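Chemist: Let me give you the structure first, and then I'll get to my questions.
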Amino acid sequence: MIFIMEATRFLTLDDVAPLARGCAVLGTGGGGDVRSAALAAGRAIREYGEVPLVGLDDLDDGDLILPLGSIGAPTVGHEMIHGDDEPELIRREAERLFGRAPAAVMPSEIGGGNGVHPVAWAARLGLPLLDADGMGRAFPEVQMVSMFVAGLPPTPIVMADVVGNVTTVRPVDGLWAERIARAVCVAAGSSALMADYILPVGEARGAVIEGTVGLALALGRAVERTAAPLAALAAELGAKILVNGKITDLRRETTGGFARGTVTITGVGEDRDRALTLEIQNENLVATEDGRVLATVPDLIGIVDTQTASAVQTEGLRYGQRVSVLAWPCDPLWRTPRGIATAGPRAFGYDLDYIPLEDIT
Amino acid sequence: MSDDGRAGSALRVGIDVGGTNTDAVVLDAGDRIVARAKRPTSPDVTGGLRDALDAVLAEVGERGREVGRVMLGTTHATNAILERRSLGRVAVVRLGAPATRSIPPLTGWPEDLRHAVSAGEIIVGGGHFVDGRPIAPLERAGIRRFLAGVEADAVAVTGVFSPANPDQEHEVAEIVREELGGGTPISLSHEIGSLGLVERENAAVLNAALYGVARDVTGALRDALAGRGLAPATYFTQNDGTLMAVDHAARYPVLTIGSGPANSLRGAVFLSGVPDAVVADVGGTSTDLGVLVGGSPRESSAAVDIGGVTTGFRMPDILAIALGGGSVVRDGAVGPRSVGHRLTREALVFGGPTPTMTDAAVAAGRGRVGTRPVPAGEDVARRLAAAVRRADAMVADAVDRVLFGRADRPLVAVGGGAFIVPGAIPGVGEVVRPRDADVANAVGAAVALAGGRFDTIVGARGDREAAIERAGREAADRAVAAGADPSKVEIVELAEVPLSYLEGPAVRVHVKAVGPLK
């Protein structure tokens, strides 16, 4: 049972734009487009009302959390936009499976459009949004979530597509979850809504990353009320600015369904004569300079417009853009052995040991 | 119009409507400029256009009868949207339900624009998946019921993945003709925009809302020409710097938005003969910097907002800085305030009281402008010299922003204030100052080619090569429809962007074709 206290904060129409800006930054290149997600969120708030933002402590241990996220190709999601019924289809299936209705929606992934869309889904369902997510950033694969790292089983996964098909999967582990969910998604036209790691509040402590919706909002707000957006963003994130420069080389290809690429950013101003290389697979994963690693996944590496501090997504990278590269530490859960095995450099095919950002000088 | 009137017609007129001035030029068969004029842009746009046209026609005198073509770059459509004026009411039909209902049509539009434009919206069953399968059968009866209940000047139709599967939009156009008669114009999204449903739909709706404006401006141009005994072929310039014939422009008026910067870039190529360069178009208040690659404007990757509405249009990538001939000089600063069109009353070299960038450039020996010398005095001289240093630093910084590491490219300076640009700029090969640079935009309109573009996804299923060839043919067909000579159309741009999270080698293909007018 949800008890909405007087002090409860509501996400309003005015919060959508800053939330979207913040989620784009936390997407570190991936997570899908925030613009259409922001349109959907704004429309849902107007249509169904404002959304309470709650923390784990506002809920009972037995309350069920419904983590939701879009799965599929961003370009497809931008063209074949979600319908209105998918969240309701998933909620009904979850209620059937667990014997009780979910009490709150949680973003599976705070980075990119997947951090903004849950506002629309929560509004549609008349549920509060949990101020937490399963990544603290964006990642490309289904098993790359904090709940997997914490050792929780992914089962069951519930997916709903635009025409109303509902698929429930009971995979044996997180890796199979990725494989089967991806296949279902392709059959559904490369876009679907998905709930995985549906879990009670009692199991969520230590398994979800708390405060990330609030963080995204704070990032968006910090950038909008200042004359020095880049400095404000770096301060709010506690980020290092790796370089201020412009994109002078850009190579990309799609292998096995994932966009890969290398971006070279040549320094300007005080950073003249420096050149940073970024390895990208949907998200920005490894930053090097003269062969020396400056930051690696799962720490976060963001590319932002130097003047506006707005995030540049992987598919929006262009020659000549003036950008700054920021790096900031990931959630401690990702730095555990299982976290590094799941989403460290080697999980993405780079023969590198993970070194925490703070230990690189 | 008769073909006889054009026989041996050796002259063509280029007109560009800018924010401050409307420029016109007349070019002869050898591409020589035989007349040129600059007139203030009037609030209704059409008045200034007539003035500029009259001025160049008066200059060529008897030879005016030889005018066979008129090319116009105008802000009529932009102004109509910004001022919510003369817009038609549009019935908006989207094919895609049950998909797409989380973002209904016109979501995110400014309330007053939506109020001015919308005659009603509906999302019906239809549309396609990325792999070409139908999402739902086309809901014909629902469309007929909707159309029976709306009072609309035009209809906009947008289907999910229509750029790859246009047949349904055509079928709906047939239904609209049956229900509303053949006189109601119909805007089909696949003919106007590219992938990205919301952006393409917005563009299709704006296009439908602009049919009345298009009728007015083409009518006004025709009347103005007829009143001077002329019946030339007329063309409008598009946002990518290419031309479309007047009947094409009447169907796609939204494509005329943003043609100004493209015109000035193309004019710079023509006047300077330099196909790869930075172009600085210096006006009274600001300077627009753009980049030419192989003679075409480099395009912006950011989404383009028109009147608060997001569209997927690709526009020339322009960096505007607040520096122009009229920029006011204060201690240690230049601009952003400008005396604008009052330059000839305000500037020191015209006997006015206000030190401007024009005065600073004259003092630095960069041009002879004005009616009197720069006033003597150590204080004035020091301030103007400081202003020149500051302005040069602004130009150098802007050039560095738009170039990417290639230090050898020339800079072509055009526009009325081009003389304030220094003769040497760090990172630039040389500074080129072509003749007639102050009417480069009108020249750009007169020398543009006809163009067409096409954008689609080539999926995992089917033959990639064949699909890309089909996309190329579609772009070429569109260039021909816009007025290009079919035997001379060529593909000038073919971009493939791989898509993530799709099975197999799916790519987004973008093709642009251009050709000289037939």
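Readers should treat all values here as calculations from the given coordinates under stated rules, not as data from a laboratory. Note that this is a predicted model, so its numbers are computed, not measured. Here the Cβ positions follow ideal geometry from the backbone for every residue, glycine too, while neighbour counts run over all protein chains shown.
Chemist: Nearest 20 debye, what's the magnitude of the dipole of the range B:359-446 about its Cα centre given +1 on Lys and Arg Cβ and -1 on Asp and Glu Cβ?
Modeler: Dipole about the Cα centre, nearest 20: 80 debye.
Chemist: Kirkwood Rh over alpha-carbon pairs of the protein assembly as shown, then Stokes-Einstein at 25 °C and 0.890 mPa s: what D in µm² s⁻¹, rounded to an integer?
Modeler: On the way: Rh = 29.1 Å.
So the translational diffusion coefficient is about 84 µm²/s.
Chemist: Sticking with this structure for a sec: Points 7 angstrom from Cα along the Cβ direction at A:D60 and A:T262: gap in nanometres?
Modeler: In this crude spin-label approximation the distance works out to 5.7 nm.
Chemist: Explain nothing, just the number: dipole magnitude of the range B:49-138 about its Cα centre with +1 on each Lys and Arg Cβ and -1 on each Asp and Glu Cβ, in debye rounded to the nearest 20.
Modeler: Dipole about the Cα centre, nearest 20: 400 debye.
Chemist: Could you list B:W109, A:W176 so that the one with the fewest beta carbons within 10 Å of its beta carbon is first and the one with the most is last?
Modeler: Fewest-to-most Cβ neighbours within 10 Å comes out as A:W176, B:W109.
Chemist: At 0.36 nm per residue, and after removing the present C-alpha to C-alpha distance, how many nm does the segment from A:T277 to A:D351 gain when stretched out fully?
Modeler: Net length gain for the segment: 25.0 nm.
Chemist: Restricting to the range B:304-443, compute how many DSSP beta bridges are antiparallel as a %, nearest 5.
Modeler: So the antiparallel bridges in the range B:304-443 amount to around 70 percent.
Chemist: Ok, one more. With unit charges on the beta carbon (Lys/Arg positive, Asp/Glu negative), name the residue among B:M315, B:A360, B:P375 whose Cα is farthest towards the positive pole of the charge dipole of the range B:304-443.
Modeler: Positive-end residue among those listed: B:P375.
Chemist: Then there is this: Find which of A:T248, A:A309, A:M106 sits farthest along the positive direction of the dipole of chain A, computed with +1 on the beta-carbon of Lys and Arg, -1 on that of Asp and Glu, about the Cα centre.
Modeler: A:T248
Chemist: Give me the inter-chain shielding for B:118-130: mean count of other chain Cβ atoms within 10 Å, whole number please.
Modeler: Mean shielding count: 2.
Chemist: Continuing with this model, one more query. Where in the range B:1-92 are there GluC sites (Glu not before Pro) that are in a DSSP coil and have at most 14 other Cβ atoms within 10 angstrom of their Cβ?
Modeler: Listed in order of number, the matching sites are B:E83.
Chemist: Please give the peptides A:104-116, B:288-300, A:337-349 ranked by average Cβ packing (other Cβ atoms within 10 Å per residue), highest first, as a rough proxy for protection.
Modeler: A:104-116, B:288-300, A:337-349
Chemist: To continue, here is another question. Below 25 Å, Cα to Cα, which lysines can B:K488 reach? Residues fewer than 8 away in the same chain don't count.
Modeler: B:K512, B:K518
Chemist: Related question: Highest first, please rank the peptides B:359-368, B:71-80 by the mean number of other Cβ atoms sitting within 10 Å of their residues.
Modeler: Highest-to-lowest ranking by the protection proxy: B:71-80, B:359-368.
Chemist: Using r as the Cβ-Cβ distance of B:R177 and B:E496, and R0 as 56 Å, what FRET efficiency do you calculate, to the nearest 0.05? Present the calculation step by step, with values, prior to reporting the outcome.
Modeler: On the way: r = 37 Å, r/R0 = 0.65.
Using R0 = 56 Å, I get an efficiency of 0.95.
Chemist: Give the aspartates and glutamates reachable from B:K38 as a straight Cα distance under 18 Å; neighbours fewer than 8 places away on the same chain don't count.
Modeler: The qualifying aspartates and glutamates are B:D16, B:D23, B:D51, B:D54, B:E59, B:D281, B:D436, B:D438.
Chemist: Then there's this: Can you put A:R124, A:R170, B:R65 in order, fewest other beta carbons within 10 Å first?
Modeler: Numbers: A:R124 21, A:R170 13, B:R65 16.
Going from sparsest to densest Cβ surroundings: A:R170, B:R65, A:R124.
Chemist: Would you please state the base-10 log of I(q)/I(0) at q = 0.11, 0.17, 0.20 1/Å for the range A:228-359, with intensities from the Debye formula using one equal scatterer on every alpha carbon?
Modeler: Results for the range A:228-359 at q = 0.11, 0.17, 0.20 Å⁻¹ read -0.36, -0.89, -1.21.
Chemist: Please give the contour-minus-distance gain from B:A320 to B:E59: 0.36 nm per residue of separation, less the Cα-Cα distance, rounded to one decimal in nm. Kindly include the intermediate steps, with their values, before the conclusion.
Modeler: Values: separation 261, 0.36 × 261 = 93.96 nm, distance 3.37 nm.
That works out to 90.6 nm of additional length.
Chemist: Report the charge-dipole magnitude of the protein assembly as shown in Debye, nearest 20, computed about the Cα centre from +1 at each Lys and Arg Cβ and -1 at each Asp and Glu Cβ.
Modeler: Roughly 2300 debye, rounded to the nearest 20.
Chemist: Mind jotting down a quarter of the surface of the convex hull over the alpha carbons of chain B, in square nanometres, one decimal?
Modeler: 25.8 nm²
Chemist: Taking 0.36 nm per residue of separation and subtracting the Cα-Cα distance, what length does fully extending B:D31 through B:D167 add? Intermediate values should be presented prior to the final figure.
Modeler: Working: separation 136, 0.36 × 136 = 48.96 nm, distance 4.27 nm.
Fully extending the segment from B:D31 to B:D167 adds 44.7 nm.
Chemist: Fewest Cβ neighbours within 10 Å first, please rank A:E79, A:E95 accordingly.
Modeler: So the residues, fewest neighbours to most, are A:E95, A:E79.
Chemist: Evaluate peptide A:244-252: per residue, the Cβ atoms of other protein chains within 10 Å of its Cβ; return the mean as an integer.
Modeler: 2
Chemist: Can you tell me the orientation of helix B:46-60 relative to chain B, as the angle in degrees between its alpha-carbon axis and the longest Cα principal axis, to the nearest 10?
Modeler: Tilt of helix B:46-60: around 60 degrees.
Chemist: Also, I was wondering about something else. What is the Cα centroid distance between the range B:340-361 and the range A:279-350, reported in whole angstrom?
Modeler: 51 Å
Chemist: Shifting gears a bit: As I understand it, the value is the acute angle between the Cα axis of helix B:378-402 and the longest principal axis of the Cα atoms of chain B; what does it come to in degrees, rounded to 10?
Modeler: For helix B:378-402, the angle is close to 30 degrees.
Chemist: Per residue of B:102-112, what is the mean number of Cβ atoms on other protein chains within 10 angstrom of that residue's Cβ?
Modeler: Mean partner-chain Cβ count within 10 Å for B:102-112: 5.
Chemist: To the nearest 500 deg cm²/dmol, what mean residue ellipticity at 222 nm is calculated for chain B from DSSP H runs of n ≥ 4 alone, each contributing -39,500 (n - 2.57), summed and divided by the residues? If you can, show how the numbers build up before the last one.
Modeler: Working: 14 runs with 163 residues, N = 518.
-9500 deg cm²/dmol, from helical runs alone.
Chemist: Any idea which of B:G108, B:G196, B:G284 is furthest toward the positive side of the dipole for chain B, if Lys and Arg beta-carbons carry +1 and Asp and Glu beta-carbons -1?
Modeler: B:G284
Chemist: Under 10 Å, Cα contacts only: if you run a Gaussian network model on chain A, which one of A:G29, A:G99, A:G220 comes out with the highest mean-square fluctuation?
Modeler: In the Gaussian network model the winner is A:G99.
Chemist: What angle, in degrees between 0 and 90 and rounded to the nearest 10, separates the Cα long axis of helix B:197-209 from the longest principal axis of the Cα atoms of chain B?
Modeler: It works out to around 80 degrees.
Chemist: Sticking with this structure for a sec: Just to compare against my own numbers: the Cα pair-distance distribution for the range A:9-212, 10 Å bins, whole % per bin, please.
Modeler: 10, 41, 41, 9, 0
Chemist: Need one number: nm distance between label points at B:E111 and A:E203, each 7 Å from Cα along Cα→Cβ, rounded to one decimal.
Modeler: For the pair B:E111/A:E203, the computed spacing is 4.6 nm.
Chemist: Using label points projected 7 Å from each Cα along Cα→Cβ, tell me how many nm separate B:E83 and A:A227, to one decimal.
Modeler: Rounded to a tenth, the inter-label distance reads 3.6 nm.
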